[in-house]
Amino acid sequence: MGIKDSMTTLMVREIADYLAKDPEANSKKLFNIARRLTKDKQHRLQIDQVEEAITRDGNWKDYFQRILKDLDPHVRNTIIINYLVKATLLGVPKQHDMAEKIGVSVPWAILIDPTDRCNLRCTGCWAGEYTKKNDLSDELLDRVVGEARDLGIYFIVLSGGEPLTRQNTIFKLARKYNDMCFLAFTNGTLITEETVKNMKEVGNFTVAFSLEGFKDSTDKRRGEGTFDKVMHAMSLMKEAGIPFGSSTCYTRYNIDEVGSDEYIQMLIDNGAYFNWYFTYVPVGKDADTTLMATPEQREHMFHRVNSLRGNKDLFIIDFWNDGIYSGGCIAGGRRYLHINAAGEVEPCAFIHYSLDNIKDKSLKECLQSDLMKAYQKRQPFNENLLLPCPLIDNPNKLVEIVKESGAHFTQANEDGLEELAERLKPYSKEWGERADRLLNKKESTTAASNK
């Protein structure tokens, strides 16, 4: 860490402690420093927007004060420094500089599967068709994380399989790379008091609990008793002052439940700070498209999420319906990519195609692959950013990418991409029509408000 970075870290830590004493009175100083730390005009605009939101009476002000007052001071300061300062304010400009040098995008985050083994088998899991016999070695994981940091990537997301079957490895990485952020998608059943103790010690690792709704819905997909184990793990983390969130997959059958005020309030009451919505995506040759939310239901979630953001003190993202905020699909190395437990480097956790294996090549070389280039040259995949996905929203795009790059299928069974693309065309056509109406309405509303 350079002298400038060390001074920035010390300054931010002192300000965070100062803020916690009186968040309302002292928050302006933090935002003034944030503006001085970035040269990016878009970042400054975003900082202005966040400051305006959390200083005005309402749910976002409550959310900000909850972060400052309820979190363990060491954990809170580490997250502010590693996530906001390192990963965003300092990391993004470095990523852009490195992208110019290597000729392709450098992502903001990497999703890595330390293992594809899991103690549960959940319906529709993106890893469900992997062989469940792979693990990435400690040495390989260490190399990949180090190469990521050298490229300006400070955010590592872990999935699987169940990543917490590799707790010792994860905490070893978190301790060594203590200026980075680590987050694991977990079923929550392996979190113990010892796990929470380690999380509190390192300060830079947290989790997103996978839920399908309340007890009956979660246990139906994940196994009896799973929901209660998640609630217990949440209580341990809340008591310890460690932030966490949830990862919620909405399907045709649970959309009303997981999109309800009651569900979101349950998460808040149990201590969650964020909820990431994923729509069910069919993966593989025999993918079950009947579990997908209908286009009508997806439109319902578009409205529900925007309503919840305006009323609940919880940070909520809908990865498919938020394409208008992310500039479309973020996968393919543009802002994220996926490394599975066999080492195959894939554009996305739901796109099981690869050209390179991280065991044989550096992360930089994998970013420069023809697969990532084929992805990036087509992004965004649709002028309407409410149609971000090359699989469910623009199924022909993924077929083109695979054919052009020569990527191979990474699951155990044979490739069924073209057949799946054909089955998805009626869905993508209907959603496209709805998305066009939504975008036109949103643009008309924005234009009217700016007059």
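Odds and ends about this structure:
- Looking across segment 250-290, not a single residue is surrounded by fewer than 18 Cβ atoms within 10 Å (Cβ to Cβ), at pLDDT below 95 and of a type in the set (A, V, I, L, M).
- Looking across segment 210-264, the residues that are assigned to a helix (DSSP H, G or I) and hydroxyl-bearing (Ser, Thr, Tyr) come down to SER217, THR218, THR226, SER235, TYR263.
- Looking only at residues of segment 314-329 that are open to solvent by 10 Å² or more (accessible area, probe 1.4 Å) and not hydroxyl-bearing (Ser, Thr, Tyr), we find that the one that is nearest to GLN379 (Cα to Cα) is CYS329.
- For ASP62, the conditions (1) of a type in the set (D, E, K, R); (2) part of a loop (DSSP other than H, G, I, E, B); (3) at pLDDT 85 or above all hold with the exception of (2).
- Of the residues making up segment 400-413, not a single one is farther than 22 Å from ILE102 by Cβ and within 19 Å of the chain's Cα centre (by Cα).
- ALA293 vs. criteria in contact with a Lys or Arg (Cβ under 8 Å, 6 or more places away or on another chain), buried (at least 16 other Cβ atoms within 10 Å of the Cβ) and assigned to a loop (DSSP other than H, G, I, E, B): yes
- Qualifying residue in segment 291-299 (condition: modelled with pLDDT under 95 and under 22 Å from LYS220 (Cβ atoms)): yes
- Contact annotation: residue pairs with Cβ atoms under 8 Å, 6 or more positions apart or on different chains, pairing a residue in segment 174-202 that is within 17 Å of LEU71 (Cα to Cα) and modelled with pLDDT of 95 or more with a partner that is surrounded by fewer than 21 Cβ atoms within 10 Å (Cβ to Cβ) and among the charged types (D, E, K, R), are LYS200/ASP72; VAL202/ARG175.
- Selection status of VAL145, more than 22 Å from VAL281 (Cβ to Cβ), modelled with pLDDT of 95 or more and part of a helix (DSSP H, G or I): yes
- Segment 214-244 - residue that is open to solvent by less than 20 Å² (accessible area, probe 1.4 Å) and touching a residue at least 60 places away in the same chain (Cβ under 8 Å) and, of those, nearest to ASN254 (Cα to Cα): THR226
- Filtered residues of segment 63-91 (kept if exposed (fewer than 15 other Cβ atoms within 10 Å of the Cβ) and in contact with an Asp or Glu (Cβ under 8 Å, 6 or more places away or on another chain)): PRO73
- Scanning segment 401-429 for residues that are in a helix (DSSP H, G or I) and open to solvent by 80 Å² or more (accessible area, probe 1.4 Å) turns up LYS403, GLU404, GLU418, GLU419, GLU422, ARG423, PRO426, LYS429.
- Restricting segment 331-352 to residues that are of a type outside the set (Gly, Ala, Ser) and free of Cβ contacts under 8 Å to residues at least 60 places away in the same chain, the residue that is farthest from GLU296 (Cα to Cα): VAL345
- Per-region count, segment 330-349, residues among the hydrophobic types (A, V, I, L, M, F, W, C), within 14 Å of ASP360 (Cβ to Cβ) and surrounded by fewer than 24 Cβ atoms within 10 Å (Cβ to Cβ): 1
- In segment 295-308, the residues that are over 11 Å from ARG434 (Cβ atoms) form Cβ pairs under 9 Å with partners that are surrounded by fewer than 18 Cβ atoms within 10 Å (Cβ to Cβ) and among the charged types (D, E, K, R), at six or more places apart or across chains, as follows: SER307/ASP261; LEU308/ASP261.
- Of all residues making up segment 362-397, the number that are within 21 Å of the chain's Cα centre (by Cα), crowded, with 20+ Cβ neighbours inside 10 Å and in a helix (DSSP H, G or I): 5
- For segment 87-123, a tally of residues being more than 16 Å from LYS39 (Cβ to Cβ), of a type in the set (D, E, K, R) and not in a loop (DSSP other than H, G, I, E, B) returns 1.
- Within segment 155-194, the set of residues being closer than 13 Å to THR206 by Cα, open to solvent by less than 20 Å² (accessible area, probe 1.4 Å) and among the aromatic types (Phe, Trp, Tyr) comprises PHE155, PHE171, PHE182.
The values are calculated or read from the model by the stated rules, or taken from the named source; none is laboratory data. Remember, predicted model here, so these are calculated numbers, not experimental data. FYI the Cβ positions are ideal-geometry reconstructions off the backbone, even for glycines, and counts take in every protein chain you see. Ligands, DNA and RNA are stripped out before the accessible areas are found, and what is left, the full protein with its side chains, is counted by its heavy atoms. Shrake-Rupley method; radii C 1.70, N 1.55, O 1.52, S 1.80 Å.
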